[in-house]
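First the structure, in the form of structure tokens, and then the observations on it.
The values are calculated or read from the model by the stated rules, or taken from the named source; none is laboratory data. It should be emphasised that the depicted structure is a prediction, and the values quoted were computed from it without experimental measurement. All Cβ positions, even for glycine, are placed from backbone atoms using ideal geometry, and neighbour counts span all protein chains on display. When the accessible area is computed, the model is the full protein with side chains, heavy atoms only, and any ligands, DNA or RNA have been set aside. Shrake-Rupley method; radii C 1.70, N 1.55, O 1.52, S 1.80 Å.
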Amino acid sequence: MASASQLKALVQSYVDGDDDRFLSVALQVAAHEARLGHGKLATELREAIDEAKRRRGAASLVSISKPRGELANLLQVSQPSERLSGLILHPTLSRQIERVIREQRAATSILEQGLSPRRKLLFVGPPGTGKTLTASVLAGELGLPLLQVRLDGLITRFMGETAAKLRQIFDATGRMRGIYLFDEFDAIGSGRGLANDVGEIRRVVNSFLMMIEQDSSRSLVIAATNHPSILDRALFRRFDDVLHYDLPDADRAAKLLETRLSSKAAPQVCWEALGKEACPLSHAEITRAADEALKDVLIRGEKECVEADIRAMLEERKAVAARLPEGTS
């Protein structure tokens, strides 16, 4: 029997006209009945929910600018304008990203041949190395919305509810094409054998494995993590490609600084020397240092920044990064 809170949630979602919330709670009721051993009732409930989703079909499209109901608490939507030209990464990684874009642009032809374009991607690497920026670049290049999954809305302490909310997100991938980003993916993809696993982690990971395996939408599903070592090993096989990010070397750091500052920098700036100075800062920290140098010049009312300005901001960012806990820079 459904709990009192679930019954109230069903009635309230019906009154509010929130179909997504209604179906989410109904899935929780089905999961609750299954745990009580009422297998036939749980199966009938799930079949009824699946039929309701099929009938909604295309009529249930969600507005890109403003997801309704429960999805508004699960997805943060934006329309990025970033382009590939602003992404300074290792050449191998750049080629992988370019290939994803090419395959997506040729998706119709690829699908007609019985093949599938890459669209389920796992990004792994240290903080600030360009994983989230890559998702924005893919959205900008493909003209799609970026829908970032809000972990504060997804993960709950109630048994079975996180899996039910995951189902809502994967249902949305078929109704609203976009780039779906699960940042800090280790929060829901941790290994099922961890010492503190009391069963709920297994349920969530198993649910994600099943849903991403069954997902046949045209959306891109991206998971990003700073801690690949704690991910469940079965997850890696469910992605079309795993993209590895690292800290920029001196050449990439120099190119990043030059791309960011060349229009406002003095002609005599030595980018090669500054690139060496920037190591071992992350992509995000180098970008921040460049922006800080630009702001400092504007505040002083000067027309261009000199090498000393940029070097000072790089040193400042290195000092800040040195004081941060490991893995948070």
First obtain the Kirkwood hydrodynamic radius of the range 171-307 from its Cα pairs, then insert it into the Stokes-Einstein equation at 25 °C and 0.890 mPa s, and state the resulting D in µm² per second as a whole number.
134 µm²/s
If you count only protein heavy atoms with a 1.4 Å probe, what accessible area per residue comes out for the range 236-312, rounded to a whole Å²?
54 Å²
Roughly to the nearest percent, how much of the accessible area of the range 206-324 is carbon and sulfur, given a 1.4 Å probe?
51 percent
Counting only protein heavy atoms and a 1.4 Å probe, tell me what percentage of the range 81-196's accessible area is made up of carbon and sulfur.
49 percent
Rounded Å value of the spacing that divides the Cα centres of the range 76-128 and the range 228-289
18 Å
Show me 180-187, 205-212 ranked by packing, highest mean number of other Cβ atoms within 10 Å first.
180-187, 205-212
Arranged from highest to lowest average of other beta-carbon atoms within 10 Å per residue, in what order do the peptides 169-178, 128-137 appear?
128-137, 169-178
Could you report the accessible area of Val25 in Å², rounded to 10, computed with a 1.4 Å probe on the protein chains as they sit in the structure?
0 Å²
Over the C-alpha atoms of the range 76-154, what are the Rg and the largest Cα-to-Cα span, Dmax, in Å?
13.6, 41
Set the bar at 28 Å for Cα to Cα. Now go through Lys120/Lys318; Lys131/Lys295; Lys131/Lys303; Lys131/Lys165; Lys40/Lys165 and name every pair that lies beyond it.
Lys120/Lys318; Lys131/Lys303
Judged on accessible area alone, 1.4 Å probe, highest first, Glu70, Glu302, Glu272, Glu292 line up as Glu272, Glu302, Glu292, Glu70
